Each structure stands twice: as structure tokens, then as C-alpha cells.
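What follows is one structure encoded as C-alpha cells, with my remarks underneath.
The values are calculated or read from the model by the stated rules, or taken from the named source; none is laboratory data. Here the structure is a predicted model, which means the values were calculated and not measured. Here Cβ is always computed from backbone atoms with ideal geometry, including for glycine, and neighbour counts include all displayed protein chains. All accessible areas refer to the heavy atoms of the entire protein, side chains included, with ligands and DNA or RNA removed. Shrake-Rupley method; radii C 1.70, N 1.55, O 1.52, S 1.80 Å.
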Amino acid sequence: MAACAAAPAHPPPPEGLWRVEALRGEPLPAAPRPAEINFVPGRYAATAGCNRIAGAWEGTGSAIALRPGAMTRMACPPPLDAREAAFAQALGEVRALRGGTGEEMALLDSQGREVMRLRRLPRPGG
């Protein structure tokens, strides 16, 4: 009989597009532009509503690290400029996740505090 690999304690971030609903516990309005993160295997693309950030992620179980990479550098009008700076900093602080198997996921820092709360967006055409 072939040995079965044990399932991880928690799956990696699900592929797909996620809207950031809260940043450090504060609700993040979708207007004037929504903040989003799109996860694909080993990579992500994100925006706080102005510039785009592309990076890599890695993790096992509930541990995860987002590695910011390239970022566009457009001048963002207030309040997007402050929101974007906080968003980019928060991405680098992510060390764990909670949820993610359904419609909601929380990204946590090394102390277990919620850095971002996300909601899955429907797939186009689905």
C-alpha cells in the first residue's frame, strides 16, 4: 500500500483575487479604489488603489511570508498616498494566515495580530 502524504495543517493562500476589507483593524473603504491582492502559486500582485506591487510568497501550514518585489511609483493623491504606504509596510509584516478555505482570510503578523482581513472576490464569469 502506498503511503499517503499528510495534509498540511492549513492550506496555502488560495489562488484568486481577494479584496482587502481591513488594514490593522481599520475598515478599508473600496472608494475611491479598492485594495486587492491576487494570489497565484508562489506569487502575488497587489494594489492599495494606486500603484501595483508584485512579489513572491512562501509558506507551510499557517506560516506565510510575503516578499514585496517590484512596485510602480506613480504619485498617489490623498488619501491613497497614506493608505498605500501603510499597505506596503503591512505586506512585509505578514507571517501567518487564518482562514482562507472559504470566503474570508486574515493575514497576521509575528505576534498573531491581524494585519489585513480579506474577502474572496468572485471569479470572472463565475
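Among (1) polar (S, T, N, Q); (2) touching a Pro at 6+ places or on another chain (Cβ under 8 Å); (3) open to solvent by less than 20 Å² (accessible area, probe 1.4 Å), where does ASN51 come up short?
(2)
Among the residues of segment 100-109, is there at least one that is over 19 Å from GLU26 (Cα atoms), among the small types (Gly, Ala, Ser), open to solvent by less than 60 Å² (accessible area, probe 1.4 Å) and not in a helix (DSSP H, G or I)?
For segment 100-109, residues over 19 Å from GLU26 (Cα atoms), among the small types (Gly, Ala, Ser), open to solvent by less than 60 Å² (accessible area, probe 1.4 Å) and not in a helix (DSSP H, G or I): present.
Every residue, every condition in (1) touching a helix residue (DSSP H, G or I) at 6+ places or on another chain (Cβ under 7 Å); (2) open to solvent by less than 40 Å² (accessible area, probe 1.4 Å); (3) more than 17 Å from VAL115 (Cβ to Cβ); (4) part of a loop (DSSP other than H, G, I, E, B), yes or no:
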residue: ALA30; (1), (2), (3), (4): no, no, yes, yes
residue: ASN38; (1), (2), (3), (4): no, no, yes, no
residue: PRO68; (1), (2), (3), (4): yes, no, no, no
residue: ALA75; (1), (2), (3), (4): no, no, yes, yes
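If ARG123 satisfies all but one of (1) out of contact with any Lys or Arg (no Cβ under 7 Å at 6 or more places or on another chain); (2) in contact (Cβ under 8 Å) with a residue 60 or more places away in the chain; (3) open to solvent by less than 20 Å² (accessible area, probe 1.4 Å), what's the number of the condition it fails?
Only one criterion is unmet by ARG123, namely (3).
Name the single residue that is most open to solvent (accessible area, probe 1.4 Å) among those in segment 1-28 being closer than 20 Å to ARG98 by Cβ and modelled with pLDDT under 75.
We begin by selecting, within segment 1-28, every residue closer than 20 Å to ARG98 by Cβ; these are 7-28.
With the extra rule that they be modelled with pLDDT under 75, the set shrinks to 7-14.
Working: ALA7: 88, PRO8: 86, ALA9: 104, HIS10: 36, PRO11: 53, PRO12: 67, PRO13: 9, PRO14: 25 Å².
The qualifying residue most open to solvent (accessible area, probe 1.4 Å) is ALA9.
Residue by residue, here is whether (1) in contact with a helix residue (DSSP H, G or I) (Cβ under 9 Å, 6 or more places away or on another chain); (2) in a strand (DSSP E or B); (3) of a type in the set (Asp, Glu) holds:
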site	(1), (2), (3)
TYR44	yes, yes, no
GLY49	yes, no, no
LEU91	no, no, no
LEU97	no, yes, no
